[in-house]
Amino acid sequence: MLSSIFYKTFFKDFAFLVLRVFTGSLLIHHGFEKLNDINNFADAFVRPLHLPFPVTLSYLAADSEIVGSWLLILGLGTRFGATAILGTMSVAIYHAIATSGFNIYLLELLVLYFSSAFSIILLGPGMFSADYLVKSIFKIEPKFMNSFSSKQIFNNNLSSRKLMSKSINQKKLFAFPFSSFLSS
């Protein structure tokens, strides 16, 4: 019974939704704060790292946080938005360590944003996202195989493909978590 409650895809996809929306909602204001006084941000955070074009890089950091947050919230281009956030958080973590050492009070929020973005990159946006809708509408499938291996697989697994297509058509999008408990 516990497996029917905790391991259904509905809860997993709902957890991805919560992770995406809260990460994006909590991070977006940091980008807007950078835009409020971009020169101050460039002087305080970019110039101490001796990076070229500090104001341009400051705009890039602010834009990656704002646009990346919106992409996370909407679930559209989610991995791209999470990658932009991951890059910004990587530089921010480097800055915090370079200027203050391993100060947990400076690093904790940065590491939480970093780990959230990294998790979203690895796990994907989930079923409750615009990416999922786009994928289901256009039925995008990666083409990893070359023509030789696809011919071999086609000849060997023709009957298994027919069985797979029948099982895919019968698959439900949502299974009520207590359905196995209620039916017994």
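Laboratory data are not the source of any read-out in this text; all were calculated from the coordinates shown. As the structure is a prediction and not an experimental result, all values here were calculated from the model. No Cβ is skipped: glycine too gets one built from the backbone with ideal geometry, and neighbour counts run over all protein chains shown.
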Check your understanding: So how much slack lies between Ile93 and Val18, counting 0.36 nm per residue of separation and subtracting their Cα-Cα distance, in nm?
Key -> 24.6 nm
Check your understanding: Counting Lys +1, Arg +1, Asp -1, Glu -1, what net charge surrounds Ile38 among other residues with beta carbon under 15 Å of its beta carbon?
Key -> -3
Review point. When we measure straight from the Cα of Lys135, which aspartates and glutamates land under 19 angstrom away, once same-chain ones fewer than 8 places off are left out?
Key: Asp13
Check your understanding: What is the set of long-range amide H partners of Gly77 at a cut-off below 5 Å, with H atoms built 1.01 Å from backbone N?
Key -> Asp131
Review point. Which net charge results when you count Lys and Arg as +1 and Asp and Glu as -1 among the other residues whose beta-carbon is under 13 Å from that of Leu76?
Key: +2
Check your understanding: In nm, what is the difference between 0.36 nm times the number of residues separating Asp37 and Ser25 and their Cα-Cα distance?
Key -> 2.3 nm
Point to revise | Contour minus Cα-Cα distance for Phe53 and Ser100 (0.36 nm per residue) | key: 14.6 nm
Check your understanding: Separation between the Leu109 and Phe10 pseudo-spin-labels, each 7 Å from Cα along Cα→Cβ, expressed in nm?
Key -> 3.7
Review point. Under the Karplus relation 6.51 cos²θ - 1.76 cosθ + 1.60, θ = phi - 60°, what is the ordered set of whole-Hz ³J(HN,Hα) values for region 125-130, x standing for Gly and Pro?
Key: x, x, 6, 8, 8, 5
Check your understanding: Of the trypsin sites (Lys or Arg not before Pro) in region 1-91, which ones lie in a loop per DSSP and count no more than 14 other C-beta atoms within 10 Å?
Key -> none
Point to revise | Volume in Å³ per residue [convex hull over Cα atoms, computed for region 2-133] | key: 104
Practice item. Please give every one of the aspartates and glutamates within straight-line cross-link reach of Lys12, meaning a C-alpha to C-alpha distance under 20 Å, and leave out same-chain neighbours fewer than 8 residues apart. Key: Asp131
Exercise for review: Enumerate the calculated ³J(HN,Hα) couplings along region 68-77 in order (Karplus 6.51 cos²θ - 1.76 cosθ + 1.60, θ = phi - 60°), each rounded to whole Hz, writing x wherever the residue is Gly or Pro.
Suggested key: x, 5, 5, 5, 5, 4, 7, x, 10, x
